[in-house]
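The values are calculated or read from the model by the stated rules, or taken from the named source; none is laboratory data. Small disclaimer: the values here were computed from a predicted structure and weren't measured. Every residue, glycine among them, receives a Cβ derived from its backbone with ideal geometry; neighbour counts consider all protein chains shown. Areas reflect the complete protein model, heavy atoms only, side chains present, ligands, DNA and RNA absent. Shrake-Rupley method; radii C 1.70, N 1.55, O 1.52, S 1.80 Å.
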Amino acid sequence: MTLKIITAATIATMAPATPGYGLIVNGAIGVEDQSIAWVGRIDAAPAGWRDAAIEDCGNRLVTPALIDCHTHLVFGGNRAKEFEMRLEGATYEEIARAGGGIVSTVAATRALSEDELVEAALPRLDALVAEGAHTVEIKSGYGLTIGDELKMLRAARRLGAMRKVRVRTSYLAAHAVPAEYKGRADAYIDEIVLPGLKAAHGEGLVDAVDGFCEGIAFSPEQMARIFERARGLGIPVKLHAEQLSNLGGAALAASFGALSADHLEYLDEAGAEAMAKSGTVAVLLPGAFYFLREKQAPPVDALRRAGVPIAIATDCNPGSSPLASLLLTMNMASTLFRLTPEEALAGVTRNAARALGLADEIGTIEAGKRAELAVWDVGHPAELAYRIGFNALERVIVG
Ligand code: DI6
Ligand code: FE
């Protein structure tokens, strides 16, 4: 049994019971066998810990290691060309309807082998890790055949083994209707999405089932069919909902006890209340809002009033959010969505853990959680959301 004490000038525990960041000045974290045994002031270390080894983080801030709970990190190619088209006046939806958009990344992703997908995604993962991320969710959804969806999920799992990060996978075959099924979304669901889910689940590749509920993608009725199947297999669900219009996707997700509903720019009061009732986390994605120059911000006040936990994530993807920085995501959440720096930090720690079904394991610095910590060269946690293009990470401590 190894006992270790980690000390720092300030610890932001993000514990829900403590107001604010759960700050402890001259703080210490007792770690036993990879887990947090106690947290408190160094001068209050429990008896029995007098001889523990001490790792002193000095005059720094310690937070929970960061969590990116919504990414499409695995894909082929990029969409810089489309970015140029948008600058010449085309909209995201127009490009999607003209056969660009998600479907063009599908062609580029199908063309790559599993090895090549891993190689393409690794620099993006490394960018997240360099800013203190230790848990990253990765979705499929650019394969859209059973084989290519499985290939993406296997690549995602391999990324987790190549770096010291926990990767959680989401099956997102209901991301777009591929060209070969144009106008036949229901057949695509029956012939690809549902059998692909069974195959991916059988290989242990699915931690959650996701979908894109939107006019350019799948209807709530179609998503419900997929969620029924997920429920039958005992897999939790989440949903891209209310990003470009309000189809009631969040309420649908909530009716299936979804872990999260994501985007939510067009969410209404009733949707927020449904999410609160089911404990569904709102995952806000300021990178996509910024990059698509959306005008309608998500209803943050309605979410607060209803008591919906708010997470934020990069949505790292080639089309709507080519963003691989959680620190910039925090800054954007504050500047664009008016989240407080404290809400932004909770959004990439405590609430992001909950959006992945990992709230019992990670996301706060509390007894019983795993010791996964980020050490920052800053004096106060508000500095993390405040700076732009500046990485104050000193190190990550795991276990
Ligand atoms: N919503 C998004 O913002 C991304 N996927 C989704 O369902 C966009 C993905 C892409 O454009 O490639
Ligand atoms: Fe997304």
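Brief remarks on what is shown
- In the stretch 213-233, the residues that are farther than 12 Å from residue 243 by Cβ, of a type in the set (A, V, I, L, M) and open to solvent by 10 Å² or more (accessible area, probe 1.4 Å): 224, 233
- Of all residues in the stretch 175-188, those being charged (D, E, K, R) and in a loop (DSSP other than H, G, I, E, B) number 2.
- Filter pass, residue 145 being within 16 Å of ligand 1 (Cβ to nearest atom) and β-branched (Val, Ile, Thr): no
- Consider the stretch 44-100 and keep the residues that are of a type in the set (Ser, Thr, Tyr) and within 16 Å of ligand 2 (Cβ to nearest atom). The one that is modelled with the lowest pLDDT is 92.
- Residue match in the stretch 242-262 (condition: farther than 21 Å from residue 337 by Cβ, aromatic (Phe, Trp, Tyr) and either within 16 Å of ligand 2 (Cβ to nearest atom) or surrounded by fewer than 24 Cβ atoms within 10 Å (Cβ to Cβ) (or both)): yes
- Some residue of the stretch 342-349 being at pLDDT 95 or above, open to solvent by 10 Å² or more (accessible area, probe 1.4 Å), over 30 Å from residue 76 (Cα atoms) and more than 14 Å from ligand 1 (Cβ to nearest atom): yes
- Total residues in the stretch 281-297 satisfying the condition of being within 14 Å of ligand 1 (Cβ to nearest atom) and crowded, with 24+ Cβ neighbours inside 10 Å: the figure is 7.
- Taken together, the residues in the stretch 310-354 that are under 14 Å from residue 282 (Cα atoms) and in a strand (DSSP E or B) amount to 3.
- Complete set of residues in the stretch 115-132 that are open to solvent by 30 Å² or more (accessible area, probe 1.4 Å) and within 15 Å of ligand 1 (Cβ to nearest atom): 120, 124
- Every residue from the stretch 298-322 that is more than 17 Å from residue 350 (Cβ to Cβ), open to solvent by less than 20 Å² (accessible area, probe 1.4 Å) and within 16 Å of ligand 2 (Cβ to nearest atom): 298, 314, 315, 316, 317, 318, 319, 320, 321
- For the stretch 133-174, residues that are open to solvent by less than 10 Å² (accessible area, probe 1.4 Å) and part of a loop (DSSP other than H, G, I, E, B) total 5.
- Any chance residue 357 is assigned to a loop (DSSP other than H, G, I, E, B), of a type outside the set (A, V, I, L, M, F, W, C) and either surrounded by fewer than 21 Cβ atoms within 10 Å (Cβ to Cβ) or more than 13 Å from ligand 1 (Cβ to nearest atom) (or both): yes
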